[in-house]
Amino acid sequence: MKTVSLAYISPTTRATLSYLGVPLTTEICGETATLPPHEMPGEIEWRVDVLKWHVRKTAYYLASVPRRERVQKLVEVEQALVSKAHFDAYEAQAVAAAAIDGIKDLSDEDAAGLTRARKLIDGHLATEWSTLVDRYMALVRKCQSSDALADK
């Protein structure tokens with residue numbers, strides 16, 4: 001399973017690095033953005049939606065692998081969320097726990113149905129992800145314009 005990356009830096013990390021004088025810039029869809037040292041309005045709600053998205057993606061993925069392989073695959077997903085998507089370990093654990101809980105009662109027949117619908121599900125997840133990225137970019141842009149107005 002490929003983990004989708006988004007160059008996200010939490011407000012606490014941004015605040016700490018800002019205090020140390022480290023400016024924070026990130027690249028989002030080829031666009032360089034300066035991140036504020038504080039929490040952006042709507043950021044927590046957006047992050048919750050990102051976590052929920054990863055839960056759905058992980059649950060669909062786990063449903064497509066044989067039951068005997070699910071725990072190992074879940075461990076791999078959790079590790080990838082931390083190492084590649086830069087999730088906090090607690091966030092990755094929460095995603096993993098929610099995903100496995102979401103499919104624990106899934107019958108083999110239901111899992112097979114999800115596997116057959118994989119292209120449709122992947123397309124839906126890709127659309128949702130694009131929306132989440134757009135929301136994040138809007139949060140950053142709004143904050144940048146607010147900060148620019150405050151500097152005047």
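The values are calculated or read from the model by the stated rules, or taken from the named source; none is laboratory data. Just so you know, these numbers come straight off a predicted model, no measurement behind them. Positions of Cβ are generated from backbone atoms using ideal geometry, with glycine treated the same way; all protein chains shown enter the neighbour counts.
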Of all residues in the stretch 110-137, how many are more than 25 Å from Trp46 (Cα to Cα) and either touching a helix residue (DSSP H, G or I) at 6+ places or on another chain (Cβ under 6 Å) or of a type in the set (Ser, Thr, Tyr) (or both)?
3
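The rows are residues; the columns are (1) in contact with a Pro (Cβ under 6 Å, 6 or more places away or on another chain); (2) surrounded by 12 or more Cβ atoms within 10 Å (Cβ to Cβ); (3) not hydrophobic (A, V, I, L, M, F, W, C).
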| position | (1), (2), (3) |
| --- | --- |
| Tyr61 | no, yes, yes |
| Val82 | no, yes, no |
| Gln93 | no, yes, yes |
| Ala96 | no, yes, no |
| Ala111 | no, yes, no |
| Arg116 | no, no, yes |
| Trp129 | no, yes, no |
| Gln144 | no, yes, yes |
So, restricting to helices (runs of 4 or more DSSP H) that lie completely within the stretch 1-97, which ones have at least 3 residues that are under 28 Å from Glu109 (Cβ atoms)?
43-63, 70-83
Filter result for the condition that a residue is surrounded by fewer than 17 Cβ atoms within 10 Å (Cβ to Cβ) and among the basic types (Lys, Arg), over Lys57, Lys104
Lys104
Is it true that some residue in the stretch 22-44 is farther than 23 Å from Val133 by Cβ and buried (at least 17 other Cβ atoms within 10 Å of the Cβ)?
no
Somewhere in the stretch 85-106, is a residue closer than 28 Å to Thr26 by Cβ, modelled with pLDDT under 95 and among the acidic types (Asp, Glu)?
yes
Of the criteria (1) crowded, with 19+ Cβ neighbours inside 10 Å; (2) more than 26 Å from Ala138 (Cα to Cα), which one Val75 fails:
(1)
